Every structure is written in C-alpha cells, then in structure tokens.
Amino acid sequence: MKTYKPTTKSRRSMTSLPYRELLSGDAPYKPLLAKKSSRGGRNADGRITTRHQGGGHKRRLRVVDFSYDKKNIPAVIETVEYDPFRSAFVGLALYQDGERRYVIVPKDTKAGAEFVVAEDAPLSPGNRLPLGSIPVGTSIYNIELAPGTGASLVRSAGTFAEVVAHDAGYAQIKLPSTEVRKVSDLAWASVGAVGNEEHNLVVIGKAGRSRWLGIRPTVRGTAMNPVDHMHGGGEGRQGRGTRRAKSMWGKPTGKGQKTRTPKKYSNVFIVSRRKVGKKRRG
C-alpha cells in the first residue's frame with residue numbers, strides 16, 4: 001500500500017494502491033469505451049432510488065466481456081488497466097484472430113500473460129472451462145449461474161469461490177459470502193482469483209475523496225426525527241427502541257438479520273446458507 005506524509009489530519013491515515021507497479025500505464029482502448037452519464041441515483045421520474053449517490057469525477061465506461069464466447073482461440077493480455085466502475089482491474093485481451101476485448105484479470109497478471117477459453121484448457125489462472133471439468137478444491141471466479149448467460153458471480157477485487165463437490169450434474173460452490181450453492185456442471189468459470197486483492201485495505205482518509213468517487217454522505221437513522229426514520233427521535237442519544245434494526249422503510253437490515261425472500265425461486269440451489277456476524281468471523 002502507498003502511504004503519505006502526515007501533512008494534514010486526513011493525509012495522516014490515507015492510503016492508496018501503488019498503481020505504477022500494478023498497472024501497465026497504457027491509455028484506455030478507445031473502440032471499447034462508451035459514454036455513461038451520471039444519474040445521481042435517480043430514475044427516469046427524477047426520484048431517488050439509490051441513496052448516497054451523486055457528483056464525482058466524470059467517467060467513461062469500459063465495455064467488459066463477460067460472455068467469453070470466443071472459445072478455443074488463445075488470447076494475450078496486452079495491457080492491465082484501471083476501471084473506474086469496478087474494484088477489479090481489467091486487461092485488454094488480444095485474441096489470435098485479431099479481435100480485442102476487455103476482461104477482468106486474475107491475481108498477479110502482467111502484460112503478456114496468456115489465457116484460453118476451452119473445454120480442455122489447462123488449470124492455470126485466467127483460463128476458462130466448464131465447471132464439470134474443474135476438480136474439487138480449485139479457486140474460481142467469473143462464474144455463470146446458467147450455461148451461456150455470462151459471468152455474474154465473483155467479479156469483485158480479491159474475491160474467489162471454491163469448488164467443494166460434484167453431484168448429479170451440479171457443482172457445489174462455496175462463495176465468498178460462505179454460502180454453498182449448486183450450479184450446473186455445464187456453466188463456465190475462470191480459474192484463479194480476481195486481482196487487486198489489496199483493494200479492501202485502502203483508507204479513504206477524508207470526506208472529499210468519497211465525493212470524488214460519487215459517494216454522498218450517509219446520515220445515521222438515530223440522528224433523524226421519528227417521521228424520517230424508524231430509529232429517530234428521543235432526547236439526546238437514544239437506543240433504537242426496537243429489537244431488530246430496520247431501514248427507513250421498516251425492513252430488517254444489518255446485524256446479521258435474514259433479508260432473503262423466504263420463497264425465492266433459487267432456494268432449491270442453496271446447499272448451505274451464508275454465515276453472518278461472529279459465526280462468519282470464526
């Protein structure tokens with residue numbers, strides 16, 4: 001991690017990633033850039049649907065390939081780049097047929113690394129193959145939930161899942177949340193762990209840096225009035241007055257409470273529910 005001289009109070013504890021060492025230093029590949037306007041967490045009616053969003057630096061969207069539909073064609077990572085819309089680093093992959101695509105790169109990837117998407121690909125970081133061909137104990141990322149739908153699970157910096165069993169046409173996968181879930185053996189996944197594993201060690205350090213990232217302030221519910229939040233009101237500092245923590249709409253939140261829909265369609269694929277709180281840390 002990169003630290004700074006304590007020239008100010010906020011600078012004292014601020015840290016950042018050593019990008020000069022981790023990235024190749026190349027400019028983004030223009031044909032794979034797209035415009036994305038900031039909506040400040042508002043929908044088409046102008047109503048806030050996602051709180052604490054707004055402002056921030058102007059950003060251009062990198063069109064990242066999660067379909068990985070170019071099979072049996074080797075590719076080489078030309079550059080490793082920063083993506084302002086995700087915590088993981090992206091790499092510009094040059095396929096042997098001349099096409100370029102952005103992909104999420106695994107841990108310790110440098111420019112010049114190679115990978116291939118194939119059913120008989122070797123078990124080396126970055127290669128992609130069906131779950132049925134991946135042995136138990138292997139770390140994986142960029143996991144499909146159903147064959148051909150594209151990678152949707154385990155895409156954040158430093159994360160990985162583990163194949164723990166194969167049974168009746170399904171692979172049982174232990175996700176970063178500690179949940180064990182069944183996924184079809186015909187779905188595809190990439191071998192390894194997502195890069196930029198030190199992302200969670202970054203200390204923002206000051207409020208202004210959060211605003212650069214488009215993150216607006218979060219007000220505690222206990223600091224509000226009763227009309228504005230379930231935890232509001234009272235003289236001075238008060239407890240919330242209810243057993244369960246709730247959101248401003250009265251829904252259970254935080255503190256390890258179960259928020260999953262009881263009759264969700266995918267419950268049949270859950271082998272073991274995720275552990276929360278002290279159980280997870282233990």
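The values are calculated or read from the model by the stated rules, or taken from the named source; none is laboratory data. The structure displayed is predicted, hence computed values, not measured ones. As a convention, Cβ positions derive from the backbone with ideal geometry for all residues, glycine included, and neighbour counts pool all protein chains shown.
What about P135, is it closer than 30 Å to D167 by Cβ and of a type outside the set (F, W, Y)? Here the answer is yes, as P135 does meet what is asked. Scanning region 186-201 turns up one or more residues that are at pLDDT 95 or above, more than 30 Å from G250 (Cα to Cα) and over 20 Å from the mean Cα position of the chain (by Cα).
The test for being within 20 Å of the chain's Cα centre (by Cα) and of a type in the set (D, E, K, R) does not hold for K255.
Only residues that are over 20 Å from the mean Cα position of the chain (by Cα), more than 10 Å from S10 (Cα to Cα) and hydrophobic (A, V, I, L, M, F, W, C) were counted in region 203-219, giving 1.
Filtering region 67-96 to residues that are in contact (Cβ under 8 Å) with a residue 40 or more places away in the chain, under 22 Å from S37 (Cβ atoms) and either of a type outside the set (D, E, K, R) or surrounded by fewer than 15 Cβ atoms within 10 Å (Cβ to Cβ) (or both) leaves Y82, F85, S87. Checked against the criterion of being loosely packed, with under 10 Cβ neighbours inside 10 Å and of a type in the set (G, A, S), the candidates G239, G221 yield just one match: G239.
For region 129-152, filtering for residues that are crowded, with 21+ Cβ neighbours inside 10 Å and touching a residue at least 60 places away in the same chain (Cβ under 8 Å) leaves 3. The strands (runs of 3 or more DSSP E) falling completely within region 96-143 that include 3 or more residues that are within 24 Å of the chain's Cα centre (by Cα) and more than 16 Å from D185 (Cβ to Cβ) map to 100-104. The residues of region 169-195 that are outside any strand (DSSP E or B) and within 21 Å of G150 (Cβ to Cβ), listed by number, are G169, L175, P176, S177, E179, D185, L186, A187, G192, A193, G195.
Among the numbered conditions (1) without any contact (Cβ under 8 Å) to a residue 12 or more places away in the chain; (2) touching a strand residue (DSSP E or B) at 6+ places or on another chain (Cβ under 6 Å); (3) of a type outside the set (F, W, Y), the only one that D185 does not meet is (1).
Filtering T159, T222 for residues that are part of a helix (DSSP H, G or I) and at negative phi leaves a single hit, T222. Among the residues examined, L22 qualifies as among the aliphatic types (A, V, I, L, M), surrounded by 11 or more Cβ atoms within 10 Å (Cβ to Cβ) and farther than 20 Å from K58 by Cβ. T7 satisfies every condition listed in (1) touching a residue at least 40 places away in the same chain (Cβ under 8 Å); (2) in a loop (DSSP other than H, G, I, E, B); (3) among the hydroxyl-bearing types (S, T, Y) except (1). Residue under question is A157, and the condition is that it be touching a Phe, Trp or Tyr at 6+ places or on another chain (Cβ under 6 Å), surrounded by 18 or more Cβ atoms within 10 Å (Cβ to Cβ), farther than 21 Å from K275 by Cβ and of a type outside the set (K, R); does it hold? No. Look at region 33-86 and say how many of its residues are of a type in the set (V, I, T) and either in a loop (DSSP other than H, G, I, E, B) or closer than 21 Å to G214 by Cβ (or both). The number of residues fulfilling the criteria is 6.
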